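Structure first, commentary second.
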Amino acid sequence: MRPVIEQKGFVIYPDFLDRPAQERLVAELRAVLAQAPLVQPVTPRGQPMSVRMSAAGDYGWITDRQGYRYERAHPNGTPWPPIPAQVLDVWQEVAGCDRAPECCLINWYGEGARMGLHQDKDEGDFACPVVSISLGDEGLFRMGNQTRGGKTESVWLRSGDVVVMGGAARLAYHGVDRIRFGSSTLLPNGGRINLTLRVVT
């Protein structure tokens, strides 16, 4: 049995991927990003986000002046690459869902990047969880409630950790307050990659 931590309904699998598995996944992601390069998104209000984003799968999540939404193509017009098999294997092992993910959102956090508290609510089937995979530098993950406000809890996610947001945690607010830049040697230039798998339709 893999070790499991549960906090506020979030199910955390520490060290789910060992170092060789992480290295293989980073190599697969480089191939994905060669087809669908990272972009710096802006909010509907036009404010640049501190993370850079791409995606794989049938859909990618987009934010720009037109709003938040899923699209079938990269902003450059090319279709999203397929989700790597290794990522799908993680979903199969932890999601407890008979549907396959349709989107693998790829977020890259450089030094100083963060992600404010938010809900993942643009999907059509909240019975399916969101599965998160951390690679690279440690990130301080904050877990909130289904409404804004109230007590939050935080945990440092390390490279190879996996988080499942399902059940009561599916629509809970969550975010990344900061990263420990340079805390991992996985990515040559530092930074953190976060993959989130979602069923979109």
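The values are calculated or read from the model by the stated rules, or taken from the named source; none is laboratory data. It should be emphasised that the depicted structure is a prediction, and the values quoted were computed from it without experimental measurement. Here Cβ is always computed from backbone atoms with ideal geometry, including for glycine, and neighbour counts include all displayed protein chains.
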Output the qualifying pairs, or none if there are none: Cβ atoms under 7 angstrom, residues six or more apart or on different chains, first residue in the stretch 68-94 and polar (S, T, N, Q), second residue buried (at least 18 other Cβ atoms within 10 Å of the Cβ). T78/A36; Q86/L25
Near pairs, Cβ below 9 angstrom, 6+ apart or cross-chain, from the stretch 143-161 (under 11 Å from P14 (Cβ atoms)) to any residue that is of a type in the set (K, R) and surrounded by 10 or more Cβ atoms within 10 Å (Cβ to Cβ): V155/R142; W156/R180; L157/R192; S159/R19; S159/R192; G160/R19
Has the stretch 45-63 got at least one residue that is buried (at least 19 other Cβ atoms within 10 Å of the Cβ), touching a Phe, Trp or Tyr at 6+ places or on another chain (Cβ under 6 Å) and hydroxyl-bearing (S, T, Y)? yes
Scope the stretch 35-92; condition of a type in the set (K, R) and at pLDDT 95 or above; matching residues: R52, R72
Given the conditions (1) in contact with a His (Cβ under 7 Å, 6 or more places away or on another chain); (2) at positive phi, which single one is not true for G46? (1)
Check whether at least one residue in the stretch 154-163 is acidic (D, E) and over 13 Å from the mean Cα position of the chain (by Cα), and report yes or no. no
Take the stretch 151-201 and flag every residue that is among the aliphatic types (A, V, I, L, M) and either part of a helix (DSSP H, G or I) or more than 22 Å from I5 (Cα to Cα) (or both). A168, A169, L186, L187, V199, V200
